[in-house]
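Presented below is the structure to which this report refers.
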Amino acid sequence: MLKPIGVLKRALSLTALLVTALVVLMAQSTIIAASAKPLKIVSNEYPPFYSHLLADYGVVSHLAHEALKRANHTITHDFYPFSRAVLLTKAGYADGIIGIWYRKSREEWVAYSLPLLSVQVVFLKRVDRDIDFEKLSDLSQYSIGVGRGYANPEEFDEAGLKTEEGSSDSENLKKLYLGRMDLILISKDVADFLIEQSAIDFRGEFEVIGEPLSLELFHFGISKNRADHQVIIEQFNQALNEMKQDGSVLKILEQHGFEANPYWLQELKQSPRN
């Protein structure tokens with residue numbers, strides 16, 4: 001016959017096991033429920049790479065959307081100014097962000113995917129301005145437009161140059177045209193797109209000076225407010241690798257005219273299709 005103390009100990013042990021099992025089931029249910037909801041994805045307008053006005057929201061969005069679809073995730077994708085898209089992702093109101101460039105400081109709030117595309121960052125000036133440089137310090141007298149919240153090249157930030165933030169590259173391009181900025185820091189592809197699409201005839205008004213300041217990589221990022229952020233990134237990366245192997249990446253690049261993108265030229269050369 002069991003003593004009362006032994007019965008009590010056994011009852012307590014059984015209760016502890018039941019509570020543990022309940023906690024595990026609740027956690028699993030939370031993850032399953034979360035994965036059943038569409039992921040709330042955000043980005044800024046950054047044509048020709050991603051924009052709500054482009055087919056399939058642009059090449060970077062198309063790659064990200066397809067990878068998430070293959071990983072069995074449904075999504076919504078909304079567009080905001082970049083600084084707001086970042087704040088939404090940081091705070092967990094958005095689950096993920098498309099087009100984020102890697103910076104170590106951002107690892108505090110976002111988990112990065114494998115790269116989606118590369119982009120060259122350049123200085124742009126008006127053709128009628130006599131501006132040139134050999135080193136960044138030569139530009140200390142000039143006002144330089146940058147995107148609000150954008151990650152500028154490290155070398156540029158360290159130079160301590162005079163900068164003025166704009167809400168978008170389109171805004172900065174207009175300010176450059178009006179002479180309210182001396183230079184702007186911008187992606188070469190973005191500049192070409194905006195010049196071609198602008199209601200103002202910008203053609204022949206601007207030129208790049210110097211060599212590209214940096215080569216950046218677009219990533220998909222998941223907010224670390226999500227407990228399953230690493231799981232989603234691993235699923236995304238696996239799907240992207242499968243797309244690379246089965247030719248889907250190249251097909252999407254060709255569809256958007258980016259088959260000569262430097263990052264993917266190297267990646268697809270190193271990883272031939274099966």
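The values are calculated or read from the model by the stated rules, or taken from the named source; none is laboratory data. Nothing here was measured: the structure is a model prediction, and the numbers come from that model. Here Cβ is always computed from backbone atoms with ideal geometry, including for glycine, and neighbour counts include all displayed protein chains. Heads up: the accessible areas ignore ligands, DNA and RNA and are worked out on the full protein's heavy atoms, side chains in. Shrake-Rupley method; radii C 1.70, N 1.55, O 1.52, S 1.80 Å.
Restricted to segment 147-161, and to residues there that are assigned to a loop (DSSP other than H, G, I, E, B) and touching a residue at least 24 places away in the same chain (Cβ under 8 Å), the residue that is farthest from Phe218 (Cα to Cα) is Leu161. A count restricted to segment 193-211 and to residues that are free of Cβ contacts under 8 Å to residues at least 12 places away in the same chain and assigned to a helix (DSSP H, G or I) stands at 1. Among the residues of segment 239-254, just one is small (Gly, Ala, Ser) and either over 14 Å from Ala64 (Cβ atoms) or part of a loop (DSSP other than H, G, I, E, B) (or both), namely Gly247.
In segment 203-212, is there at least one residue being open to solvent by 20 Å² or more (accessible area, probe 1.4 Å) and within 18 Å of Pro115 (Cβ to Cβ)? Checked against the condition, which is being open to solvent by 20 Å² or more (accessible area, probe 1.4 Å) and within 18 Å of Pro115 (Cβ to Cβ), segment 203-212 yields at least one hit. For segment 61-130, the strands (runs of 3 or more DSSP E) that sit wholly inside it and include 3 or more residues that are open to solvent by less than 20 Å² (accessible area, probe 1.4 Å) and under 29 Å from Val208 (Cβ atoms) are 96-101, 117-126. Here Leu53 does not fit the description of being among the hydrophobic types (A, V, I, L, M, F, W, C), open to solvent by 50 Å² or more (accessible area, probe 1.4 Å), out of contact with any strand residue (DSSP E or B) (no Cβ under 7 Å at 6 or more places or on another chain) and outside any loop (DSSP other than H, G, I, E, B).
Looking only at segment 131-145, residues that are in a loop (DSSP other than H, G, I, E, B) and among the β-branched types (Val, Ile, Thr) come to 1 in all.
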